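The values are calculated or read from the model by the stated rules, or taken from the named source; none is laboratory data. As the structure is a prediction and not an experimental result, all values here were calculated from the model. Here the Cβ positions follow ideal geometry from the backbone for every residue, glycine too, while neighbour counts run over all protein chains shown.
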Amino acid sequence: MEDSPPSRRRLLWGATGAAGTALTAVGLPRLMRPEEKVKAAPPRPVRKTPAPAPPASPRPDRSVDYAPAFWVEACESNYMPSDRPEAYPINYVVIHLTTDVFPIMLAMFKDPTERVSAHYMISATGTRIAQCVRERDVAWHSGNVWYNHRSIGIEHEGWIDQPEYTDGMYETSAVLTATICAKYDVPVDRDHIVGHIEVPLSTHEDPGPSWNWNKYMRLVETARRRIGA
(Lines give C-alpha, C1' and ligand atoms only; values in the text may rest on other atoms or scores of the structure.)
Protein backbone atom coordinates (compact mmCIF):
# COMPACT_ATOMS: atom_id res chain seq x y z
CA MET A 1 0.00 0.00 0.00
CA GLU A 2 1.43 3.30 -0.95
CA ASP A 3 1.85 5.98 1.66
CA SER A 4 -0.65 8.78 1.49
CA PRO A 5 0.85 12.08 0.33
CA PRO A 6 1.95 14.40 3.23
CA SER A 7 -0.48 17.10 4.15
CA ARG A 8 0.28 20.78 3.50
CA ARG A 9 0.62 21.46 7.24
CA ARG A 10 3.22 18.75 7.71
CA LEU A 11 5.22 20.11 4.80
CA LEU A 12 5.23 23.55 6.34
CA TRP A 13 6.30 22.25 9.72
CA GLY A 14 9.06 20.26 8.07
CA ALA A 15 10.35 23.30 6.28
CA THR A 16 10.28 25.32 9.45
CA GLY A 17 12.25 22.72 11.38
CA ALA A 18 14.85 22.44 8.64
CA ALA A 19 15.26 26.18 8.54
CA GLY A 20 15.69 26.31 12.29
CA THR A 21 18.35 23.63 12.17
CA ALA A 22 20.20 25.39 9.39
CA LEU A 23 20.20 28.74 11.16
CA THR A 24 21.42 27.17 14.37
CA ALA A 25 24.21 25.45 12.51
CA VAL A 26 25.66 28.73 11.27
CA GLY A 27 25.47 30.28 14.71
CA LEU A 28 22.22 32.17 14.39
CA PRO A 29 19.42 31.63 16.85
CA ARG A 30 16.99 28.98 15.80
CA LEU A 31 13.36 29.86 15.31
CA MET A 32 11.44 29.45 18.50
CA ARG A 33 8.56 26.99 18.45
CA PRO A 34 5.18 28.25 19.64
CA GLU A 35 5.07 25.82 22.54
CA GLU A 36 8.39 27.04 23.96
CA LYS A 37 8.13 29.46 26.80
CA VAL A 38 9.87 32.77 26.33
CA LYS A 39 12.13 33.54 29.22
CA ALA A 40 12.13 37.20 30.26
CA ALA A 41 15.48 38.90 29.92
CA PRO A 42 17.08 39.65 33.28
CA PRO A 43 16.54 43.27 34.29
CA ARG A 44 19.44 45.59 33.70
CA PRO A 45 20.98 47.10 36.80
CA VAL A 46 19.72 50.61 37.38
CA ARG A 47 22.52 53.11 37.64
CA LYS A 48 21.86 55.64 40.30
CA THR A 49 22.68 59.10 39.07
CA PRO A 50 24.43 60.94 41.88
CA ALA A 51 22.58 63.98 43.09
CA PRO A 52 24.14 67.19 41.83
CA ALA A 53 26.39 68.88 44.33
CA PRO A 54 24.88 72.02 45.83
CA PRO A 55 26.22 75.19 44.28
CA ALA A 56 29.12 76.74 46.08
CA SER A 57 28.13 79.60 48.30
CA PRO A 58 29.05 82.90 46.68
CA ARG A 59 31.75 84.87 48.36
CA PRO A 60 30.03 87.45 50.52
CA ASP A 61 30.42 91.02 49.35
CA ARG A 62 32.29 93.32 51.61
CA SER A 63 29.68 95.22 53.57
CA VAL A 64 29.19 98.87 52.80
CA ASP A 65 29.19 101.43 55.58
CA TYR A 66 26.14 103.18 54.15
CA ALA A 67 23.20 100.93 53.32
CA PRO A 68 21.97 102.63 50.10
CA ALA A 69 25.43 102.31 48.51
CA PHE A 70 26.83 99.42 46.49
CA TRP A 71 30.42 98.25 46.88
CA VAL A 72 32.97 98.91 44.12
CA GLU A 73 36.34 98.55 45.82
CA ALA A 74 39.17 100.85 44.82
CA CYS A 75 42.57 99.32 44.16
CA GLU A 76 44.59 98.85 47.33
CA SER A 77 47.30 101.01 45.78
CA ASN A 78 44.93 103.99 45.82
CA TYR A 79 44.15 104.29 49.53
CA MET A 80 45.68 103.59 52.94
CA PRO A 81 44.22 100.93 55.25
CA SER A 82 43.54 102.34 58.70
CA ASP A 83 41.34 101.99 61.75
CA ARG A 84 39.52 105.28 61.96
CA PRO A 85 38.20 106.94 64.04
CA GLU A 86 40.46 105.24 66.58
CA ALA A 87 43.59 105.93 64.55
CA TYR A 88 42.49 109.39 63.35
CA PRO A 89 39.33 111.35 64.16
CA ILE A 90 36.94 112.01 61.30
CA ASN A 91 36.25 115.76 61.42
CA TYR A 92 35.43 116.76 57.83
CA VAL A 93 33.39 115.89 54.76
CA VAL A 94 34.99 117.00 51.50
CA ILE A 95 32.73 117.61 48.47
CA HIS A 96 34.21 116.77 45.04
CA LEU A 97 33.16 116.91 41.41
CA THR A 98 34.29 114.08 39.12
CA THR A 99 34.76 116.03 35.84
CA ASP A 100 34.07 112.67 34.19
CA VAL A 101 31.31 110.08 33.95
CA PHE A 102 30.49 107.64 36.72
CA PRO A 103 31.90 104.41 35.15
CA ILE A 104 35.18 106.04 34.13
CA MET A 105 35.74 107.35 37.64
CA LEU A 106 35.10 103.90 39.12
CA ALA A 107 37.61 102.46 36.65
CA MET A 108 40.11 105.14 37.62
CA PHE A 109 39.83 104.20 41.28
CA LYS A 110 40.60 100.60 40.30
CA ASP A 111 43.70 101.58 38.31
CA PRO A 112 46.79 101.18 40.54
CA THR A 113 48.68 103.83 38.58
CA GLU A 114 46.19 106.61 39.38
CA ARG A 115 46.96 106.89 43.12
CA VAL A 116 43.58 108.47 43.81
CA SER A 117 40.25 107.43 45.34
CA ALA A 118 37.24 108.66 47.30
CA HIS A 119 35.02 106.99 49.85
CA TYR A 120 31.78 107.58 47.93
CA MET A 121 30.62 108.53 44.46
CA ILE A 122 27.12 109.81 43.61
CA SER A 123 25.63 109.75 40.12
CA ALA A 124 24.36 112.93 38.45
CA THR A 125 20.74 111.87 39.03
CA GLY A 126 21.35 110.85 42.62
CA THR A 127 20.00 107.36 41.97
CA ARG A 128 23.30 105.53 42.47
CA ILE A 129 25.83 105.66 45.28
CA ALA A 130 29.05 103.68 45.05
CA GLN A 131 31.31 103.13 48.02
CA CYS A 132 34.91 102.56 46.95
CA VAL A 133 36.85 102.89 50.22
CA ARG A 134 35.73 101.96 53.71
CA GLU A 135 35.17 104.88 56.04
CA ARG A 136 37.75 103.51 58.44
CA ASP A 137 40.40 103.66 55.70
CA VAL A 138 42.12 106.77 54.33
CA ALA A 139 41.11 107.64 50.77
CA TRP A 140 43.44 109.82 48.71
CA HIS A 141 41.05 112.50 47.56
CA SER A 142 41.90 115.96 48.84
CA GLY A 143 45.56 116.45 47.90
CA ASN A 144 46.35 117.15 51.55
CA VAL A 145 47.62 114.27 53.69
CA TRP A 146 46.41 115.81 56.95
CA TYR A 147 42.88 116.28 55.57
CA ASN A 148 42.84 112.86 53.98
CA HIS A 149 43.46 111.25 57.36
CA ARG A 150 40.60 113.19 58.96
CA SER A 151 37.88 113.35 56.32
CA ILE A 152 35.38 111.45 54.21
CA GLY A 153 35.52 112.26 50.49
CA ILE A 154 32.35 112.31 48.35
CA GLU A 155 32.59 112.56 44.57
CA HIS A 156 29.66 113.85 42.47
CA GLU A 157 29.26 113.06 38.79
CA GLY A 158 29.51 116.30 36.80
CA TRP A 159 31.63 119.00 35.16
CA ILE A 160 32.53 122.47 36.39
CA ASP A 161 32.05 123.99 32.95
CA GLN A 162 28.78 122.10 32.36
CA PRO A 163 27.07 122.14 35.75
CA GLU A 164 23.90 120.10 35.91
CA TYR A 165 23.43 119.58 39.60
CA THR A 166 20.06 117.89 39.95
CA ASP A 167 17.79 118.04 42.98
CA GLY A 168 18.16 114.27 43.25
CA MET A 169 21.92 114.52 43.50
CA TYR A 170 21.76 117.30 46.12
CA GLU A 171 19.26 115.38 48.22
CA THR A 172 21.07 112.05 48.02
CA SER A 173 24.38 113.66 48.89
CA ALA A 174 22.89 115.66 51.75
CA VAL A 175 21.46 112.56 53.42
CA LEU A 176 24.81 110.78 53.08
CA THR A 177 26.71 113.74 54.53
CA ALA A 178 24.20 114.09 57.38
CA THR A 179 24.60 110.39 58.17
CA ILE A 180 28.39 110.73 58.28
CA CYS A 181 28.10 113.79 60.52
CA ALA A 182 25.79 111.94 62.90
CA LYS A 183 28.04 108.88 63.03
CA TYR A 184 31.27 110.76 63.75
CA ASP A 185 29.88 113.83 65.50
CA VAL A 186 30.99 116.19 62.73
CA PRO A 187 29.44 119.67 63.09
CA VAL A 188 27.03 120.56 60.28
CA ASP A 189 28.62 123.80 59.17
CA ARG A 190 30.82 125.17 56.42
CA ASP A 191 33.95 124.84 58.53
CA HIS A 192 33.60 121.05 58.52
CA ILE A 193 31.71 120.39 55.26
CA VAL A 194 34.00 121.85 52.63
CA GLY A 195 34.66 121.79 48.92
CA HIS A 196 37.81 120.35 47.45
CA ILE A 197 38.90 123.86 46.47
CA GLU A 198 38.78 124.90 50.15
CA VAL A 199 41.25 122.28 51.35
CA PRO A 200 44.61 123.94 52.09
CA LEU A 201 47.21 123.37 49.37
CA SER A 202 44.54 122.00 47.02
CA THR A 203 45.15 122.45 43.30
CA HIS A 204 41.52 121.67 42.31
CA GLU A 205 38.54 123.98 41.81
CA ASP A 206 35.65 121.58 42.39
CA PRO A 207 32.80 121.55 43.10
CA GLY A 208 32.92 124.89 41.29
CA PRO A 209 31.02 128.19 41.55
CA SER A 210 27.73 126.66 40.40
CA TRP A 211 27.50 124.36 43.40
CA ASN A 212 24.69 125.80 45.56
CA TRP A 213 26.13 125.69 49.06
CA ASN A 214 23.14 127.39 50.70
CA LYS A 215 20.76 124.84 49.24
CA TYR A 216 23.04 121.96 50.07
CA MET A 217 23.62 122.97 53.67
CA ARG A 218 19.86 123.43 54.26
CA LEU A 219 19.30 119.89 53.00
CA VAL A 220 22.10 118.54 55.21
CA GLU A 221 20.71 120.32 58.28
CA THR A 222 17.21 118.98 57.60
CA ALA A 223 18.48 115.44 57.14
CA ARG A 224 20.62 115.70 60.25
CA ARG A 225 17.60 116.72 62.35
CA ARG A 226 15.65 113.75 61.03
CA ILE A 227 18.44 111.37 61.94
CA GLY A 228 18.56 112.72 65.48
CA ALA A 229 21.20 111.88 68.05
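List pairs: first residue in the range 141-165 and closer than 17 Å to Pro200 by Cβ and of a type in the set (Gly, Ala, Ser), second residue outside any strand (DSSP E or B) and modelled with pLDDT of 95 or more anywhere in the structure, Cβ distance under 6 angstrom, at least six positions apart or on different chains.
Here the result reads Ser142/Asn148; Ser142/Val199; Gly153/Ala118; Gly153/His119; Gly153/His141, each pair linking the range 141-165 to a residue that is outside any strand (DSSP E or B) and modelled with pLDDT of 95 or more.
Among the residues in the range 89-112, are any farther than 22 Å from Ser173 by Cβ, modelled with pLDDT of 95 or more and of a type in the set (Gly, Ala, Ser)?
no
Considering the range 182-210 alone, what residues qualify as being at negative phi and in contact with a strand residue (DSSP E or B) (Cβ under 7 Å, 6 or more places away or on another chain)?
Result: Val186, His192, Ile193, Val194, Gly195, His196, Val199, Asp206, Pro207.
For Ser173, work out the one condition from (1) closer than 13 Å to Leu97 by Cβ; (2) of a type in the set (S, T, N, Q); (3) exposed (fewer than 15 other Cβ atoms within 10 Å of the Cβ) it doesn't fulfil.
Of everything listed in (1) closer than 13 Å to Leu97 by Cβ; (2) of a type in the set (S, T, N, Q); (3) exposed (fewer than 15 other Cβ atoms within 10 Å of the Cβ), Ser173 misses just condition (3).
For the range 83-109, what are the residues that are under 21 Å from Asn144 (Cβ atoms), out of contact with any Ser or Thr (no Cβ under 8 Å at 6 or more places or on another chain) and not in a helix (DSSP H, G or I)?
Hits for the range 83-109 are Asp83, Arg84, Pro85, Ala87, Pro89, His96, Leu97, Thr98, Thr99.
Restricting the range 113-154 to residues that are hydrophobic (A, V, I, L, M, F, W, C) and more than 23 Å from Tyr88 (Cα to Cα), which is modelled with the lowest pLDDT?
Ala124
Quick test for you: out of Arg218, Arg190, Arg225, pick the one residue that is in a loop (DSSP other than H, G, I, E, B), at pLDDT 95 or above and surrounded by fewer than 20 Cβ atoms within 10 Å (Cβ to Cβ).
Being in a loop (DSSP other than H, G, I, E, B), at pLDDT 95 or above and surrounded by fewer than 20 Cβ atoms within 10 Å (Cβ to Cβ) holds for just one of Arg218, Arg190, Arg225, which is Arg190.
Of the residues Tyr184, Tyr120, which single one is within 27 Å of Ala87 (Cβ to Cβ), of a type in the set (Phe, Trp, Tyr) and crowded, with 22+ Cβ neighbours inside 10 Å?
Result of the check over Tyr184, Tyr120: Tyr120.
Among the residues of the range 138-168, write down those that are aliphatic (A, V, I, L, M) and either part of a loop (DSSP other than H, G, I, E, B) or surrounded by 20 or more Cβ atoms within 10 Å (Cβ to Cβ) (or both).
Hits for the range 138-168 are Val138, Ala139, Ile152, Ile154, Ile160.
Could you tell me whether any residue of the range 198-214 is exposed (fewer than 13 other Cβ atoms within 10 Å of the Cβ), assigned to a helix (DSSP H, G or I) and at pLDDT 95 or above?
The answer is yes; a qualifying residue exists.
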